[in-house]
Amino acid sequence: MTTRSETQTTLDHLLTEIEHRNPAQPEFHQAAHEVLETLAPVVAARPEYAEPGLIERLVEPERQVMFRVPWQDDQGRVRVNRGFRVEFNSALGPYKGGLRFHPSVNLGVIKFLGFEQIFKNALTGLGIGGGKGGSDFDPHGRSDAEVMRFCQSFMTELYRHIGEHTDVPAGDIGVGGREIGYLFGQYRRITNRWESGVLTGKGQGWGGSLIRPEATGYGNVLFAAAMLRERGEDLEGQTAVVSGSGNVAIYTIEKLTALGANAVTCSDSSGYVVDEKGIDLDLLKQIKEVERGRVDAYAERRGTSARFVPGGSVWDVPADLALPSATQNELDENAAATLVRNGVKAVSEGANMPTTPEAVHLLQKAGVAFGPGKAANAGGVAVSALEMAQNHARTSWTAARVEEELADIMTSIHTTCHETAERYDAPGDYVTGANIAGFERVADAMLAQGVI
Ligand code: NDP
Ligand code: 2IT
């Protein structure tokens, strides 16, 4: 039997190979490291996982599509963006994962997100494989008509790669209800099919699930609450710092407030707001969801309890809990050290990979409960899978039913991660627990389905 250290050496070789084979994709390398660095105990303990080629197949996307997206702006000028869809792994179900529209999008970013999505989707216990897509299109400052033309052009290529049994995209940064509407409209027009289950995050009158907009943020708060419960605490009276002010951040703040915590911050790429009375959600939703404005407008309109800090790090604000909900690598080692100095008890990732590896290490060493995104933010994709189930049955469930299912799924993910970490001698280490539990489910399916 191979030892853990021999297995780790094999995995380290594979990581070096991944870096060579995928040059200039630092985010993908980071995500692969983060997973492969925790798998040695399970690969050493279960010889079938050491089968040559299994992990090599897992780190290679089944299919990667890149395409031109030409569109005309309101002045009639032709713009050209790049579109992506990485269909990473379909051992557990159709590829499933969001679309991100942001200028920083490139193939490496989409591959990191798609790779994370495989394990996240496995942890939900539902039948969904892993994929991700998007474009370097920047929706900021674009009119509705420009966004519509962009989405129509994007779907004019994407439609041939997706389908309710093949690949089911949804939202992510820069893609919300408005974009899903335009994308669905174009898919329906081109295919002449009412295929509800081809996209999730749809509007509630035409196939969308209740609670899908809330699901990622609500789920992350439930995960944080479960981590606190392990330590004999609850959310009541805790102060929380939240980054971002988009879909995930807004519903994180909403659930924190409902469960008695005080969420005192939000942010966007211009800076952050701190509001000692707690974020006023009606005002934040008005500015962000209706006006599509910036967070400084919140401080201007809120009165004396709030101030806007241009630039700056939201993690400087002292709190019991931190819920990063904006983007990757937004919480670095310095920020983690500040959080620890200020007495943070738990960090739960609403965003995908927002905490750098050095910061994760520092937080775990300091005894902070750390919930990795692939477990903590899985509520969004889980309710997407429930949306697919409702579409398939041509029915719609009540908000109460969806929320109950979401709560059960988050509790089950927490228990799975917790127990798996204990089983592999890493008690309290949710990173190891999430990676191993997600890996086991996907790897078992891949082994059963042969070398494909
Ligand atoms: P939104 O587009 O609704 O909001 C994104 C927020 O993050 C905005 O406030 C945005 O500010 C900020 N942000 C984005 N990129 C940057 C950046 N490079 N620097 C600083 N701020 C930035 O996206 P979501 O809320 O949907 O997504 C947030 C995170 O959650 C992402 O990591 C996403 O992958 C993850 N996630 C989303 C899920 C979902 O269901 N939507 C599910 C699971 C995870 P600005 O407007 O100034 O750019
Ligand atoms: O990162 C994610 O899990 C998402 N953006 C949601 C994906 C989905 O298919 O709902």
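Coordinate-derived values only; no laboratory data. What you see is a predicted model; the values in this text were computed from it and never measured. Note that we place each Cβ from the backbone using ideal geometry, even for glycine, and neighbour counts take in every protein chain shown.
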Give the calculated FRET efficiency between Arg46 and Arg231 to the nearest 0.05, with a Förster radius of 30 Å applied to their Cβ-Cβ distance. 0.45
Suppose the chain between Asp73 and Glu358 were pulled fully straight at 0.36 nm per residue; how much longer would it get relative to their current alpha carbon spacing? 98.4 nm
If I model a spin label as a point 7 Å beyond the Cα along the Cα-Cβ vector, how far apart are those points for Asn334 and Lys365 in nm? 1.8
Going by the alpha-carbon gyration tensor, a ≥ b ≥ c the square roots of its eigenvalues, is the stretch 216-274 rounded (a/c under 1.5) or, if a/c is not under 1.5, prolate (a/b greater than b/c) versus oblate? prolate
Nearest-0.05 FRET efficiency for Lys277 and Ala399 at R0 = 41 Å, using Cβ-Cβ distance, is 0.90
Global geometry of the stretch 292-444, whether rounded, prolate or oblate, following the gyration tensor of its Cα atoms and the 1.5 cut on a/c: oblate
Gain on full stretching of the segment that runs from Arg4 to Glu157 - 0.36 nm per residue minus C-alpha separation: 50.5 nm
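Would you kindly state how much longer the chain becomes between Arg307 and Leu14 on full extension, computed as 0.36 nm times their sequence separation minus their alpha carbon distance, in nm to one decimal? It would help to have the intermediate numbers written out before the result.
Numbers: separation 293, 0.36 × 293 = 105.48 nm, distance 4.83 nm.
Taking 0.36 nm per residue and subtracting the Cα distance, the gain is 100.7 nm.
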Amide H to amide H under 5 Å from Gly97: which residues, 5+ apart in sequence or cross-chain, H placed 1.01 Å off N in plane? Gly131, Val168, Ala170
In whole Hz, what ³J(HN,Hα) sequence does the stretch 115-128 give by Karplus (6.51, -1.76, 1.60; θ = phi - 60°), x for Gly and Pro? 5, 4, 5, 4, 6, 4, 5, 4, 5, 5, x, 9, x, 9
To check you understand DSSP bridge types, tell me what percent of the beta bridges within the chain (both residues inside) are antiparallel, rounded to 5. 55
Using only alpha carbons, build the gyration tensor for the chain and give me the equivalent ellipsoid semi-axes, biggest first, whole Å. 31, 29, 21
To make sure I understand the rule: partners must be lysines, Cα under 20 Å from the Cα of Lys288, and not fewer than 8 residues away in the same chain. Which ones qualify? Lys202, Lys255, Lys277
A correct fewest-to-most ranking of His20, His165 by other Cβ atoms within 10 Å would be His20, His165
Taking the Cα centre of the stretch 325-376 as origin, sum charge times position over the Cβ atoms of Lys and Arg (+1) and Asp and Glu (-1), and report the length of that vector in debye to the nearest 20. 220
At 7 Å along Cα-to-Cβ for each site, give me the label-to-label distance between Glu291 and Ser412 in nm. 4.3
Protection proxy ranking of 29-35, 214-220, 203-209 - average other beta-carbon atoms within 10 Å, highest first: 214-220, 29-35, 203-209
Would you list Leu58, Leu331, Leu281 from fewest to most Cβ contacts within 10 Å? Leu281, Leu58, Leu331
Footprinting proxy, Lys96, Lys288: sorted fewest to most Cβ within 10 Å, the residues are Lys288, Lys96
At Arg189 and Glu419, where each label point lies 7 Å from the Cα along Cα→Cβ, what is the point-to-point distance in nanometres? 5.0
Determine the shape class of the stretch 75-197: with a ≥ b ≥ c the square roots of the Cα gyration tensor eigenvalues, call it rounded for a/c under 1.5, and otherwise prolate if a/b is greater than b/c, oblate otherwise. oblate
